[in-house]
1. Working only with C-alpha atoms, what are the Rg and Dmax values of the stretch 1-40, expressed in angstrom?
2. Do any trypsin sites (Lys or Arg not before Pro) in the stretch 20-49 lie in a DSSP loop with no more than 16 other beta carbon atoms within 10 Å, and if so, which?
3. Scan the stretch 1-67 for GluC sites (Glu not before Pro) in coil per DSSP, keeping those whose Cβ has at most 14 other Cβ atoms within 10 Å, and list them by number.
4. Per 10 Å bin, what is the whole-percent P(r) computed from every C-alpha pair distance within the stretch 12-98?
Amino acid sequence: MRIGLNLLYLLPGVVGGSETYAKGLLEALAKISDPHQYWIFVNKETYMYGVLQERDWHVVLCGVPAKVRVERYAYEQFMLPRWVKKHRLDLLHSLKKCSTTPTFLQIRGHHP
């Protein structure tokens, strides 16, 4: 599967428990051997986040700051679906409850 992880909300050292969850998830995924490919959507503040260097992730730097919520929410609604479509993702996981999963995102299976 081609899996996307929405980390656009992440501000290292600021968001607390949701950062712990994201870091733990990425560390666990980095340790297992699986056939899946991962696209990690990050903001300007998170691009050099250490755990992103632990595996051959497809890290997509999105030109949106996490600190400006209105701008980030708009990006998640209008630009993130384009990234999902461009990379032909099967699944998009938005890790935080305050992340706004795109309302009109349609993901269709792209299995070979």
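Laboratory data are not the source of any read-out in this text; all were calculated from the coordinates shown. Predicted, not measured: the structure shown is a model, and the values here were computed from it. All Cβ positions, glycine included, derive from the backbone under ideal geometry; neighbour counts span all protein chains shown.
1. Cα-based Rg and Dmax for the stretch 1-40 come out at 11.1, 33 Å.
2. Numbers: sites: 23, 31, 44; in loops: 44.
Sites meeting the loop and neighbour criteria: 44.
3. Details: sites: 19, 27, 45, 54; in loops: 45, 54.
Counting only loop positions with at most 14 other Cβ atoms within 10 Å, the GluC sites (Glu not before Pro) in the stretch 1-67 are 54.
4. 14, 51, 32, 3
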